[in-house]
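As structure tokens, the structure follows; a few thoughts come after it.
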């Protein structure tokens, strides 16, 4: 699959630096895609052009997918039957992100005849991503879940099965309300087949993620999966630990304890988090207290976040948590207060002191304490605080409003020469990121914000170990974003460690907030724009803690060397 990405990237880079002799220049396609105008004549011109470069046709199909909707899907669908597998792959991807479930029937038909393994993979993934459900109830057909289940259970094509696992996992992540019980006749996965796929290196990652995000395991099949655990790659092992713990079977606890101090951050974090599945078991609370004694911040923070309210009835654990209020690290301190708040044992004196702290972590925990107290007069007073985090928290408690984004605004038709390399000087060290050419408007937006100084002294306000480090907040609580939105530029790329994505609240709601994937997050694929990758300083990115700062962001190199 990687060769397709490389072919596309190479073609786009050439498209930015050389004149095209074909009917349509790729820049025109990008522009009208960003305008979200699938009816623009440039798309018809490109699709009807006899001498259009293959890579430009690929770009055209992907761009129509980015626009989405019925008009775009109608133009893309015929290309599922194109002679070239590269174009069929692009068409499958485009339909998967176009959010038009009705074209699922065409995807299912293409799946039944497609011979190219990589196209099979993309077709199956896209079927899950579009959440295809048949519309004609009078003549019932299989929807995405049923089709993907059949592929997983019976198909011999490894890539097709990989795509089905990936698609079903995305379906379970973003369309949970549409998922039937896996006990349902048409949706029953063969658990022995799942175990075989888990042991297969080629399908292990997707299978482990599907297990982690569904409830396929139970007391009957537990022993076989426990037996398979030691031989798995670390990421798959971390996912299986999560899946095993969801069964809430007591025999899982020794496995969690065994992996509590694993060198792999994903295994360690999931082992600690999974203790929450045993809220009434004293072994779980004792084990989380053990995790609090570890030296690393990640283990301590994860343990504090895992603590259940009932566990704080233990005098020993309560003392341990209160002691963390005096820890040298503000993230650990704040999570300690938040744990105490959950158990109605919040420290009022500490919260009062932190109202005046300069630390965003302290302020976030402090306002959480007063919101939990539900004292109207106190909140009204705090809403007038000169500290933005305190005022924001109080105002939100008094008048809860869902977070929204501005309507996507028109963008300049001038694009920078790409790719571009940027540097983020953070409180943990330097992170160097290459911005991609095939996400030109997202990359251009990031460059403009850097050159305007927006990211200087901003915070990584949302750090979830073994998941993401999200930055771009000027205040340290997720607020302080730009007052506009940009449109998505989804691509084939997968959310692997080091990739940089645009944080959104839904389609076409990006702005300034971005995230660095610190683990394989393939459940996000085809749903968030990946516009860059860390090319140096990944060790720094993994060490980022909540409310570490971007001290300064700079553009250091452009394609033309300027």
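Rule-based calculations on the coordinates, nothing more; no lab input. None of these values were measured; they are calculated from a predicted model. A quick note on method: Cβ atoms are made from the backbone with ideal geometry, for glycine too, and the neighbour counts reach across all protein chains shown.
Cβ crowding within 10 Å ranks 47, 211 as 47, 211, fewest other Cβ atoms first. Give the angle, between 0 and 90 degrees and rounded to the nearest 10, that separates the Cα long axis of helix 297-306 from the longest principal axis of the Cα atoms of the chain. Value to nearest ten degrees: 80. Seen against the Cα atoms of the chain and their longest principal axis, helix 234-245 is set at about 60 degrees. Ranked by how many other Cβ atoms sit within 10 Å of their own Cβ, fewest first, the residues 278, 182 fall in the order 182, 278.
Across every pair of different alpha-carbon atoms, what Kirkwood hydrodynamic radius in Å does segment 109-227 reach? Mean inverse Cα-Cα distance, inverted, gives 14.4 Å. Peptide packing: for 359-370, 543-554, 376-387, the average count of neighbouring Cβ atoms within 10 Å per residue gives the ranking 359-370, 543-554, 376-387, highest mean first. Of the peptides 236-243, 320-327, the ranking by mean beta-carbon count within 10 Å, highest at the top, reads 236-243, 320-327. Computed from Cα atoms, the angle from the helix 158-174 axis to the main principal axis of the chain rounds to 50 degrees. Per residue, the average separation of C-alpha pairs within less than 8 Å and at least 6 apart gives the chain a relative contact order of 10 percent.
For segment 177-312, the spherically averaged projection of the C-alpha convex hull amounts to 8.9 nm². The value given for the chain is a Kirkwood hydrodynamic radius of 25.3 Å, derived from the mean inverse Cα-Cα separation.
Value of Rg to Rh for segment 420-557, rounded to two decimals, is 0.91; Kirkwood radius and Rg both from alpha-carbon coordinates. Across segment 311-398, Cα-Cα pairs more than 19 Å apart make up 34 percent of the total.
Compactness of segment 49-101, taken as the C-alpha radius of gyration over 2.2 N^0.38 Å, stands at 1.01.
Counting beta carbons within 10 Å around each of 355, 125 and listing the fewest first gives the order 355, 125.
The shape of segment 202-278 can be summarised by an equivalent ellipsoid whose semi-axes, obtained from the alpha carbon gyration tensor, come to 16, 16, 11 Å from longest to shortest. When you work out D = kT/(6 pi eta Rh) for segment 74-167 at 10 °C and 1.306 mPa s, using the Kirkwood radius from C-alpha pairs as Rh and the Stokes-Einstein form, the result is 124 µm²/s. Relative protection proxy for 70-81, 332-343, 445-456, from highest mean packing down: 332-343, 70-81, 445-456 (other beta-carbon atoms within 10 angstrom).
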